1. Would you pull out the residues with amide H under 5 Å of A:Q39's amide H, same chain only if 5 or more places away, H placed 1.01 Å from N?
2. Which distance in nm do the two modelled labels at B:Q321 and B:S213 give, with both placed 7 Å along the Cα-to-Cβ direction?
3. What does the helix-only formula give at 222 nm for chain B: each DSSP H stretch with n ≥ 4 adding -39500 (n - 2.57), the total divided by the residues, and the result rounded to the nearest 500 deg cm²/dmol?
4. What distance in nm separates the two pseudo spin-label positions at B:Q259 and B:R293, each 7 Å out from Cα along the beta-carbon direction?
5. Ranking request for peptides A:162-174, A:37-49: highest mean number of other beta-carbon atoms within 10 Å first, then the rest in descending order.
6. Over 23 Å between Cα atoms: which of B:K238/B:K260; B:K38/B:K202; A:K202/A:K260 fall into that group?
7. Starting from the amide H of B:Q182, placed 1.01 Å from N in the peptide plane, find each other amide H under 5 Å away whose residue is 5 or more places distant or on another chain.
8. Give a residue-ordered list of calculated ³J(HN,Hα) values for region A:106-112 (Karplus: 6.51 cos²θ - 1.76 cosθ + 1.60, θ = phi - 60°; whole Hz; x for Gly, Pro).
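The values are calculated or read from the model by the stated rules, or taken from the named source; none is laboratory data. All figures in this text were calculated on a predicted structure; none of them were measured in a lab. When we count neighbours, we look across all protein chains shown, and the Cβ atoms used for this are built from the backbone with ideal geometry, even at glycine. Heads up: the accessible areas ignore ligands, DNA and RNA and are worked out on the full protein's heavy atoms, side chains in. Shrake-Rupley method; radii C 1.70, N 1.55, O 1.52, S 1.80 Å.
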Number of protein chains: 2
Amino acid sequence: MNEKKGIILTGDRPTGPLHLGHYVGSLRQRVALQHQYKQFIIVADIQALTDNADHPEKIHNNMIEVVLDYLAVGIDPKVTTIFIQSLVPELAELTIYYMNLVSVARLERNPTVKEEIAQRGFQKSLPTGFLCYPISQAADITAFGADTVPVGDDQLPMLEQAREIARTFNRMYNCNVLVEPQALLSDVSRLMGTDGKAKMSKSAGNAIALKDSEEVIRQKVKKMYTDPGHLRVEDSGKVEGNPVFAYLDAFDPDKENLQKMKEHYQRGGLGDGTIKQRLLEVLLAELGPIRERRKQFAKDPTYVMQILKEGTEAARVVAAQTLLEVRRTMKIDYFG
Amino acid sequence: MNEKKGIILTGDRPTGPLHLGHYVGSLRQRVALQHQYKQFIIVADIQALTDNADHPEKIHNNMIEVVLDYLAVGIDPKVTTIFIQSLVPELAELTIYYMNLVSVARLERNPTVKEEIAQRGFQKSLPTGFLCYPISQAADITAFGADTVPVGDDQLPMLEQAREIARTFNRMYNCNVLVEPQALLSDVSRLMGTDGKAKMSKSAGNAIALKDSEEVIRQKVKKMYTDPGHLRVEDSGKVEGNPVFAYLDAFDPDKENLQKMKEHYQRGGLGDGTIKQRLLEVLLAELGPIRERRKQFAKDPTYVMQILKEGTEAARVVAAQTLLEVRRTMKIDYFG
């Protein structure tokens, strides 16, 4: 562990099965980084509850789905610690302490939260937990001494909040207990939806899930948005904003052939059916082994829960140590 | 325990030694009720931190002072469970879950919080923890299934918030897990300060602490505000708003003689020195045994900390059971 580059904290909200957007944006990176860094993956059920308090069963049901996705893509529980947020109570305690270091006005200014409030129609009645979730995230990050947090640029304000809290704590209590995390910006931009919209998401119905069957993938690729101006095969077509090419960029290993296809599509003479056929081949090749591994793990839910249990226990040990130091620094360790 | 009338949750913020105001407003009542009710007393260090985050050592130092005051007035740790808020992490967890059930606007409307924000000059930069402390209080109350909460009328909005949270939880998850607490209004009105101001408080410098020495009490009584219009002994003096009579009302066991003194004071001929001398006798008689017991307990801080430790352990058992039911009801008990 000593030779590792640093400590990563990353994770997902268990609100649905993971999809190609997660795979490109973070899962592949986690698989690649797990041997270089000490990596903690949080399944953030408490954060998911901040806008799903009335559907907690959704969180419960997706807990195992998300972990199956992790294992299927190649996250190795021997080197990566996967844990359940709500079963590390030290995170709740740290959140409570950090809440005294952040003003309400500061939370309300957070651009990411502002945008998410608008998306969810929370303008009229904003759950307190939702407003405060950047503080909860700061607890998640600092509890594990994470110095590295992989984020998309839309999440940078969240990380800045965590950095501020670490700085404020260290300054206020004249200590060096909390680590100020750095962003590790994803070098692959966000994957667009099958409908060409900017973001792939389950709720928008424009996602290809990692667990989708061959038949479902076939149907989804068939219905994909391309260039609406590309009416006849001989017409010139657009590559930018065309999700078929965006996905080929992300997954096609034959970059030379892809370049040729793009040029052919742009000058005319290459049909949507042909490019979709190539995408289907590429996706099936990429997702086939993942789906197979997922099926194997899904046969043994006890084993999967055991991974979560052991990961959670390991995470608690680390978080408890940080909490102890935080309390000691604040001089509220009454029994020494 | 089964024959008891109900469960009480009450407590104090450990920000200073307790004074006559606490004694009249709540401590005497706690001593009287501890055999009729199952009583939990929370030393609310987390709540104290919401506006003392930059002075946590103050909280630490006052923890034992407050418990010494409890023991001195006759709170019996054999029947009353005294515990430290921050060492019952289940309270932090419940707070986090309840935060999803309360809107930010609802918190901002709380009249008690509004007033306290103004008192503390927090209008410009309100710590998130301070805004949220009614949610934290709801966690404290419901964690112990408290059906009875002794409050002054200024604290009724806080209790209403706890009642709302219990109702919302039970309705949202279609259960009966949380108990809606009822107010037990104190029948003694709030004790004014030695300066005649409405509220006795350490920070206003108008308090007589339970641990004050005879000499300090003597000095404080001597300097007490009376009726500024009562210049000469033969003048008529006012009883209303006169803290000397307010304290005599609260402590003088000889009500007949007190009535005569009041009449004498009102018609003229009774000097401030005389009524203060009577108050001094009464206070020394009341506080003498308390101060003696306090000295005895103060000699053995290990014993006092042991009481806190055992109380905290007992409190955790109860709070953990509530948390378990809350998580089970929300279906986030992943490992059964």
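1. Correct list: A:I8, A:T81.
2. 4.7
3. Dividing the helical sum by the residues of chain B leaves -16000 deg cm²/dmol.
4. Placing both labels 7 Å along Cα→Cβ, they lie 3.1 nm apart.
5. The most tightly packed comes first, giving A:37-49, A:162-174.
6. Over 23 Å Cα-Cα: B:K38/B:K202; A:K202/A:K260.
7. Here the answer is B:T148, B:V149, since their amide H atoms fall under 5 Å of that of B:Q182.
8. 5, 4, 5, 7, 4, x, 5
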